[in-house]
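The values are calculated or read from the model by the stated rules, or taken from the named source; none is laboratory data. The shown structure was predicted, so the numbers you read here are calculated from the model rather than taken from an experiment. Areas reflect the complete protein model, heavy atoms only, side chains present, ligands, DNA and RNA absent. Shrake-Rupley method; radii C 1.70, N 1.55, O 1.52, S 1.80 Å.
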Amino acid sequence: MTSTILAVQPALSARRRWTVLAVCALSMFLVGLDTTIVNVCLPVIGRGLGVGTRGLEWVVDAYTVVLASLLISSGALADRFGRRRVFQCGLIVFGGASLACAVAPSLGFLVMARAVQGVGASMLSPVALAIVVNAMPDPRERARAIGVWASVFGLSMAAGPVTGGWLIATFGWRSVFWINAPIIVAALILVAVLVPESHGQRARRLDLPGQVLLAVALCVSVGVLIEGPRIGWSSPMAMAGYALIVMATAGFTWVELHRREPLMDLGLFRRPPFASAVLGAMAVFAALNVTLLLSTFYLQHARGWTPLASGMATLPMALGATLCAPWSGNLVALLGPRRPLVLAGGFTAAGGLCMVNVGQDTSVLLILLAHLLIGIGFGFANAPITNTAVSGLPPSRAGVAGAITSTARQVGSAVGIAAAGGLVSGVSPADLAHATRPGWLLVTACGLFLLVVARAAHDSEKASPTP
């Protein structure tokens, strides 16, 4: 069966290949949108459900942590049982969880529903990329397709706050979840009609011990970051959390190094370009989520803006990502990943520096400029990071590399939310602007780190073997 499928894939017409990309991109737009659309809603959700900032962080991170934990296992399931089949299951789970979020009566119910959303989303992200890669046999066409795929995902992340602000102003906060239903229905129909079924060349076994240990390490790490300010960083509970993180991480490493078919191929991290790309993916998404959360609370609490107005303030970010992401994909295809990574790092760092001295009366134009610069940096970053991660690898390892990079993006999102939330939790509106300043320094540092990734990508270009 597998050999037949692989033989058919190159025969797809150019129009069919790009149609498959469009369908996958639509689903990925939904996943990315739900990663950030909730950010601008958090203060309104808090008032509606009667909870504070720390509880609200879990509304975002329950989704991203579960998504990060299950991405690689979902990819393995897709290789074994069929990518289209798992993709469709993911859409159904995601849609059902979205409806549960829309009717959530309490914070606990909403957090649980968001976690189930993450389960569904984990079946979409790596599977979409695998479908696209299989549909594009030509390396240059594949590079452009990856650029488009990364562009759409990046655009969805940047567009989330704008969309969320409009929906809240028009229909209330529950509408940010109701809106998923028609998109899910359309995607299910398009996938059934247009996307061909495919399997991996060799179905990988599920690594259940590695999966459990990875989930524990990620969940406890984010939990300590979120709850640390409340319980105390040196409290017995925090110390127990640190010990559990160390044990889970050590156990995960040992299991992965001794399994014939590990969840995560740790040998990939011996390649400096891959390791730097993974850290770069974390940095980019940490910077984005720090920006979105700090901007949301600063504008709505310290400045008294409405959710719609604060969402519109991020419009320059969405514009920058929209214009630069496709350009970045083309630059990667023509010139390699180094130049767009340099641009990504420079613009992100500049955007963070614009906000380092933010105050109660900071110019709106400066805020908009910062969002534009960070959006441009985000737009330039995703395609070259993905390309750097999979560059020089055979197809059998490129899929795993892409899945690890996608996991790193979600880990970065979760860490960014936890770090930013820790800065503003319990802070009065009058002190909020000053409290956000370390967060903007973190955004700047993330941008500067991308310059290191650019150097690693340049070295990879010079030494990359022919696949």
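Some points to look at:
- Relative to the longest principal axis of the Cα atoms of the chain, the long axis of helix 364-390 makes an angle of roughly 20 degrees.
- Of the listed residues 388, 163, the order by accessible area with a 1.4 Å probe, largest first, is 163, 388.
- Value of Rg to Rh for the stretch 66-150 (Rh from inverse mean 1/r over Cα pairs, i.e. Kirkwood): 1.09
- Helix 272-297 vs. the chain, principal-axis angle (Cα, 0 to 90°, nearest 10): 30
- Based on the Kirkwood approach, the hydrodynamic radius assigned to the stretch 332-429 is 15.7 Å, with every pair of different Cα atoms included.
- Remark: the stretch 235-356 is approximated by an ellipsoid whose semi-axes, taken from the C-alpha gyration tensor as √(5λ), come to 34, 26, 12 Å, largest first.
- For the stretch 284-389: relative contact order, % (alpha-carbon pairs under 8 angstrom, 6 or more apart): 39
- Counted over the stretch 306-365 with a bin width of 10 Å, the fraction of Cα pairs per bin, in whole percents, is 18, 40, 28, 13, 1.
- Largest accessible area first, the residues 57, 227 order themselves as 227, 57 under a 1.4 Å probe with ligands, DNA and RNA left out.
- In units of the rule-of-thumb radius 2.2 N^0.38 Å, the chain shows an alpha carbon radius of gyration of 0.92.
- In order through the stretch 85-93: 3J(HN,Hα) via Karplus (6.51 cos²θ - 1.76 cosθ + 1.60), integer Hz, x for Gly, Pro: 4, 5, 4, 5, 4, x, 4, 5, 4
- Remark: the stretch 30-40, residue by residue, has Karplus-estimated 3J(HN,Hα) of 5, 4, x, 4, 6, 6, 10, 4, 6, 3, 6 Hz, where x stands for each Gly or Pro and the curve is 6.51 cos²θ - 1.76 cosθ + 1.60 at θ = phi - 60°.
- The alpha carbons of the stretch 17-110 occupy a box of 46, 25, 20 Å along the principal axes, longest dimension given first.
- Annotation: Cα Rg of the stretch 76-200 relative to the compact-globule expectation 2.2 N^0.38 Å equals 1.16.
- Computed from Cα positions, the angle between helix 180-194 and the longest principal axis of the chain comes to roughly 10 degrees.
- Just the protein heavy atoms count here, and of the accessible area of the chain at 1.4 Å, carbon and sulfur take up 70 percent.
- Counted over all Cα-Cα pairs of the stretch 227-295, pairs farther apart than 20 Å make up 59 percent.
- Per residue, the accessible area of the chain comes to 38 Å² when a 1.4 Å probe rolls over the protein heavy atoms.
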